[in-house]
Structures are given as structure tokens and as C-alpha cells.
Amino acid sequence: MTDDIDTLAVEVWRGDARGGGYVAYAVPRRESQTVLDVVTWIQHNAEPALAYRFACRVGMCGSCAMTVNGAPRWTCRTHVRRVAKAGRLRIAPLRNLLVIRDLAADMAPFFDKWTEAGGTFAPTATRDEPAAEIPPETPERAAADAGIECINCAVCYAACDTVAMAPDYLGPAALNRAWTLLNDARDGGQAGRLKAVSGDNGCANCHSHQSCADLCPNGLNPTAAIAGLKRRAGRAWLRGGA
Amino acid sequence: MTDIRLYMLQRISAMILAPLIVGHIVTMIVAVQDGLSAAEILGRTQGSLWWGLFYGLFVAAVSVHAAIGLRTVAFEWLKLKGRALDMLGWIVFAGLLALGGRAVAAVVL
Ligand code: SF4
Ligand code: SF4
Ligand code: FES
């Protein structure tokens, strides 16, 4: 299909918070081409004013996520071959966030929610004390390990229909972060964190439909993390807390 | 939106409802075996503390469960918020409780 095509028909969303629309570009097809390569080609060769974000180009920094043919993707590691349909690509900014310009969405609300969900580590020791020993085989450490490889790309957040319907919902990434910290024996902020994730915008809003887990480029499972939060918060509520 | 208290109340009411629904369906199937008449139903239920408790609990659990569920739907789809949203939840709860309670009273008392 896309492999024997030498030109891609690419539509890129251009505009800002006031509105915009798709603009068509013809982009040469290259071998091992990523969606980010396509966007970069357009900026270098056709549209110097095109706004978009990237930094590492190797799936580490989490800054390059966009909507590609309807689904959120990390564009630097999404091969055109995997997502193009008959040589067509439609590229837009991430859903569930306001647009700053073109493909650059405003990430501020996404990161604010990390703080709101209790995503800040609360140390219980200083650098002068010996490092805490955390046996890797404890269930808590295993639960935290499953969620710590998050690159803050907001793919899950854009994929979440609950965020779309309830814009104040903390969302999968922030809640996944809260879950990893809730399982960190070195952290001293658990009461406040549990309260934050138990509240009106917290874990109880998740409908477990798993778009987040399905699309997370790092294979994390925020749905499972949120299920863990529900169990932990639910138990605390039964005991009379939260 | 939904906090953990509403979430847990909805889960607990669902856990109460699950066996009651099975009991209700089994009762319906058994009850229609000899034909269905008002006299037959009332003969079984009138003055029965057991059926009063069974369906009383059923109605209470349905009222809680449905009120929280509809409140979520109203929030996500009708964009109701704050007081209006909570009021809707309470109205659904009270309405179902009143209607169901009346029905239970009618067949038990
Ligand atoms: S499972 Fe929960 S967090 Fe993930 S996409 Fe669905 S509602 Fe959002
Ligand atoms: S959980 Fe996955 S999809 Fe969500 S921000 Fe982290 S890496 Fe991205
Ligand atoms: S550019 Fe860093 S993850 Fe894509």
C-alpha cells in the first residue's frame, strides 16, 4: 500500500485557539519515514511558519504527540507505514487540550493536573541519611515499577473520552503518576494524595474503557493504575476516611 | 462529578442488587407457573415480612444505584454541574424510592 507510493497526501491542521482548518501538502515518501519526519519536511520545504513540537526524536521526551489519522501518537516513533491509509495522513494537534498554534497544543492544564493529583514526591529523608532500601519484589514496588516509564506525552489524556466529556477530570497520566507515588514507601504525602485522587475530579470518574492503555506508546496501563487507586481510595472511604 | 463516596455507594448498591435480581427473576418464573393472577400474587406477598424486606431492599438499592448513574450521565452529556447536578441526583433517588416504596407497600401491607 503506502510502501509503493512515492508521494504522501498529507493534511495538516493549521490555525490557533480561535479556529483553523486542514491544509493539504504533497510530501515525498521515504523509507523508514516517521510522522515527525513528514511534519518536519513540510516545515522545511513548504510551510516555514508551521508550529509543532519535538525534542529528542527517540521517544524519550514526550513532546511530539499529535493526532494522526484520528488517534493520538508519539510522532517521532510512529512510522508512516503503520498509520497511513492508502498514502494519506491527517495530522492535527492533540485532542482535549486547547491549541496554541497549528500542531502545538497547550499542555499547561495537563501538567497542572499532575500537581492536582498529588504528583509531587514528598521526601521523608534528607540526602544525609542512608538511601532507603526498597526490595524490588514487594507488591508495592512492582505496582510502582509498572507505571514509572511515563514520558508525559499526553497521548493517553488525548485518548480519554472521559476527559473529553468531563474536562476537569484529572485523567489517566496524572492518576497513573499518583498511583506510582502511592506505592512508594519513601513518600510522606500519602494522606493528601489519597484525598486528591478521591475527590470530585479523581479516579472515580474513570469508566475503565482503556483507550489510554491501548494507545500509551510506552505500553503503560493507566486503567490498571486507576483501578488500584479506586481500590485504595474505596477502602479508605469504608474505614471512614477520604 | 463523581467522588469516591458516590463511586462506592454505586458499587455497594450493585453488589446488593445482583443476588436480589436473580431472586426476582426466579420468583417471576416460579410465580407464572400456575397462571398469573392478582389474588395469587397478593396471597404470597400480603403480610409477608420476608417479601417486604426483599423488595424494600431492592427498591432502596435501585434508587441509590440509578440516581448515581443518571447523575453521571447528566453531568457528562447535559453538562449539569454543582447544585443542579446534585439536586437531580436527589430527585431521581427520592422519586424512585417513593414509587418503588409505594408499590412494595401495595402488595405487602
Ligand atoms: S480507562 Fe479511564 S483514564 Fe483510561 S481512557 Fe478510559 S476513562 Fe480515561
Ligand atoms: S501514561 Fe503513556 S500515554 Fe500517558 S503520558 Fe505517560 S507515556 Fe504518555
Ligand atoms: S520527540 Fe521526544 S518523544 Fe518524540
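General remarks:
- When the range A:216-235 is filtered for residues that are facing another protein chain (nearest Cβ under 10 Å) and crowded, with 18+ Cβ neighbours inside 10 Å, the ones remaining, listed by number, are A:LEU229, A:LYS230, A:ARG232, A:ALA233, A:GLY234.
- Looking only at the range A:21-66, residues that are within 16 Å of ligand 2 (Cβ to nearest atom) and over 23 Å from A:LEU97 (Cα atoms) come to 1 in all.
- Contact map, the range A:131-152: residues that are without any contact (Cβ under 8 Å) to a residue 60 or more places away in the chain and not assigned by TED's automatic domain parsing to the domain that holds A:ALA225 paired with residues that are more than 16 Å from ligand 3 (Cβ to nearest atom) and of a type in the set (Ser, Thr, Tyr), Cβ distance under 7 Å, separation 6+ or inter-chain. No pairs are found.
- Those residues of the range A:60-77 which are within 16 Å of ligand 1 (Cβ to nearest atom) and assigned to a loop (DSSP other than H, G, I, E, B), in sequence order: A:GLY70
- For B:ALA84, the test of being away from every other protein chain (no Cβ under 14 Å), under 24 Å from A:ASP161 (Cβ atoms) and either more than 13 Å from the chain's Cα centre (by Cα) or of a type in the set (Gly, Ala, Ser) (or both) is passed.
- Of everything in the range B:1-37 that is within 14 Å of chain A (Cβ to nearest Cβ) and under 22 Å from B:LEU53 (Cα atoms), the residue that is surrounded by the fewest Cβ atoms within 10 Å (Cβ to Cβ) is B:MET15.
- Extreme residue, modelled with the lowest pLDDT, among residues of the range A:206-215 that are surrounded by fewer than 21 Cβ atoms within 10 Å (Cβ to Cβ) and within 14 Å of another protein chain (Cβ to nearest Cβ): A:HIS209
- Leading residue by the ranking (farthest from the other protein chains (Cβ to nearest Cβ)) among those in the range A:168-205 that are over 15 Å from A:LEU220 (Cα atoms) and within 15 Å of the chain's Cα centre (by Cα): A:LEU170
- The set of residues in the range A:135-162 being within 12 Å of ligand 1 (Cβ to nearest atom) and either modelled with pLDDT under 95 or in contact with a Cys (Cβ under 7 Å, 6 or more places away or on another chain) (or both) consists of A:VAL155, A:CYS156, A:ALA159, A:CYS160, A:THR162.
Okay, residues lined up against (1) within 17 Å of the chain's Cα centre (by Cα); (2) under 24 Å from A:ALA196 (Cα atoms):
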| site | (1), (2) |
| --- | --- |
| B:ILE4 | no, yes |
| B:ILE25 | yes, no |
| B:MET28 | yes, no |
| B:VAL32 | no, no |
| B:LEU57 | yes, no |
| B:GLU76 | no, yes |
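- One residue alone among A:CYS76, A:CYS61 is in contact with a Lys or Arg (Cβ under 7 Å, 6 or more places away or on another chain) and within 6 Å of ligand 3 (Cβ to nearest atom), and that residue is A:CYS76.
- So B:PHE58, is it surrounded by 14 or more Cβ atoms within 10 Å (Cβ to Cβ) and within 11 Å of chain A (Cβ to nearest Cβ): no
- When A:GLU149 is tested against the conditions (1) closer than 30 Å to B:LEU78 by Cα; (2) within 14 Å of the chain's Cα centre (by Cα), the lone failure is (1).
- Residues being in a strand (DSSP E or B) and under 27 Å from the mean Cα position of the chain (by Cα) - total across the range A:25-55: 1
- Scanning the range A:83-119 for residues that are modelled with pLDDT under 95 and not in a loop (DSSP other than H, G, I, E, B) yields one hit, A:LYS85.
- Filtering the range A:141-168 to residues that are over 24 Å from A:LEU94 (Cβ atoms) and surrounded by fewer than 14 Cβ atoms within 10 Å (Cβ to Cβ) leaves A:ALA142, A:ASP145.
- Residue check, A:PHE121 of a type outside the set (Asp, Glu) and out of contact with any helix residue (DSSP H, G or I) (no Cβ under 7 Å at 6 or more places or on another chain): no
The values are calculated or read from the model by the stated rules, or taken from the named source; none is laboratory data. Quantities reported herein were computed from a predicted structural model and do not represent experimental measurements. We place every Cβ from the backbone using ideal geometry, glycine too, and count neighbours over all the protein chains shown.
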